[in-house]
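> Let me begin by handing over the structure; questions about it come next.
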Amino acid sequence: MIMRVLLAAIIAGLLAGTIASAFQMWRVTPLILAAEVYENKGDTAGTQTGAQASAPEEAQSWAPEDGIERTVYTLLTNSVMGVGFAFILAAVVMFTGRAITLRNGVLWGLAGFVTFSLAPAAGLAPDLPGIPAADLMARQVWWAGTVAATAGGIALIALQDRMALKALGVALIAAPHVIGAPHPANIDSAVPAVLAAGFAANTLAMMALFWIVLGVAMGWSLNRAGTRAET
């Protein structure tokens, strides 16, 4: 049983990661490349501080070259992400005892999308290169807390019958947003707002597609594995 679930998770994760990569190269990567142009303009556009402009080239963070190298790294990263999230989904299925099927896979996928993408994005929208951001550790702590609270809230709403527990689930989901996400004091950026908005929207669309494919593929894979085992 465990091997069947793990195999289904690997298949579903690779499929979801591949489809997400195709969407990313089509809709998201061009926006990143456009934003990098503004980020690299430096003092020519009068948008960088003196410290930023004088930073040595070797201190800049590494990034894959445009073209085939970026495509390969994108596919590899999304495939690993897909398998990792598929394992999480498989663990939830086994822990709760709730079956994931081809029919309800979309609902499982949407739950994952809300938990890991939509709820955190409500406080910390996906950012392009060149967009000011708050302290990394503060953002990571808020993101992790939001994911945990949202997952717990969805579990209470979906798995409990008592209204008091469902209300607690709603409160858990809302709590991180009442506390508020960390944001930088200065939000000035050379990147046009239309690029930032397009990036956030397309990134969320990509993650919605990723999670729906993951949920449906998990249901299909488990169904196939179960049918073969019975045969």
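> Taking Ile179, is it among the hydrophobic types (A, V, I, L, M, F, W, C) and either in contact with a Phe, Trp or Tyr (Cβ under 6 Å, 6 or more places away or on another chain) or more than 15 Å from Leu124 (Cβ to Cβ) (or both)?
Answer is no for this residue.
> Scan Pro132, Pro176, Pro126 and give me the residue that is touching a Ser or Thr at 6+ places or on another chain (Cβ under 8 Å) and either within 23 Å of Arg27 (Cβ to Cβ) or hydrophobic (A, V, I, L, M, F, W, C) (or both).
Pro126
> Cβ-Cβ below 8 Å, separation at least six or inter-chain, first residue in region 144-167 and of a type in the set (Lys, Arg), second not in a loop (DSSP other than H, G, I, E, B): which pairs?
Lys166/Leu156; Lys166/Ile157
> If you scan region 70-80, which residues turn out to be within 24 Å of Glu36 (Cα to Cα) and not β-branched (Val, Ile, Thr)?
Arg70, Tyr73, Leu75, Leu76, Asn78
Residue-wise test of (1) at pLDDT below 95; (2) in contact with a Phe, Trp or Tyr (Cβ under 6 Å, 6 or more places away or on another chain).
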residue: Arg70; (1), (2): yes, no
residue: Tyr73; (1), (2): yes, no
residue: Ser79; (1), (2): no, no
residue: Gly109; (1), (2): no, yes
residue: Ala119; (1), (2): no, no
residue: Ile131; (1), (2): yes, no
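> Continuing with this model, one more query. Could you tell me whether Gly84 is within 28 Å of Phe199 (Cα to Cα), surrounded by 19 or more Cβ atoms within 10 Å (Cβ to Cβ), small (Gly, Ala, Ser) and modelled with pLDDT of 95 or more?
In short, no.
> Still on this structure, I have one more. Condition first: closer than 30 Å to Val5 by Cβ and either without any contact (Cβ under 8 Å) to a residue 12 or more places away in the chain or surrounded by 17 or more Cβ atoms within 10 Å (Cβ to Cβ) (or both). Now tell me which residues in region 171-207 satisfy that.
Leu172, Ile173, Thr203, Met206, Met207
> Within region 87-96, which residues are under 17 Å from the mean Cα position of the chain (by Cα) and buried (at least 21 other Cβ atoms within 10 Å of the Cβ)?
If the condition is that a residue be under 17 Å from the mean Cα position of the chain (by Cα) and buried (at least 21 other Cβ atoms within 10 Å of the Cβ), then Leu89 is the only one that fits.
> Determine which member of the set Pro126, Pro192, Pro182, Pro176 is in contact with a Lys or Arg (Cβ under 8 Å, 6 or more places away or on another chain) and either at pLDDT 95 or above or not hydroxyl-bearing (Ser, Thr, Tyr) (or both). Walk me through how you get there before you give the answer.
Numbers: Pro126 fails: in contact with a Lys or Arg (Cβ under 8 Å, 6 or more places away or on another chain); Pro192 fails: in contact with a Lys or Arg (Cβ under 8 Å, 6 or more places away or on another chain); Pro176 fails: in contact with a Lys or Arg (Cβ under 8 Å, 6 or more places away or on another chain).
Residue meeting the stated conditions: Pro182.
> Same structure, new question: Taking region 3-30 only, how many residues are within 20 Å of Gly97 (Cβ to Cβ) and in contact with a helix residue (DSSP H, G or I) (Cβ under 8 Å, 6 or more places away or on another chain)?
7
> Scanning region 97-120 for residues that are surrounded by 17 or more Cβ atoms within 10 Å (Cβ to Cβ) and hydrophobic (A, V, I, L, M, F, W, C), which turns out farthest from Ala8 (Cα to Cα)?
Out of the qualifying residues, it is Ala119.
> Would you be able to say whether some residue in region 218-229 is touching a residue at least 24 places away in the same chain (Cβ under 8 Å), exposed (fewer than 13 other Cβ atoms within 10 Å of the Cβ) and closer than 25 Å to Leu15 by Cβ?
Yes, the conditions are met somewhere in region 218-229.
The values are calculated or read from the model by the stated rules, or taken from the named source; none is laboratory data. This is a predicted model, so every value here is computed, not measured. Counting neighbours? That spans all protein chains shown, and the Cβs are built from the backbone with ideal geometry, glycine included.
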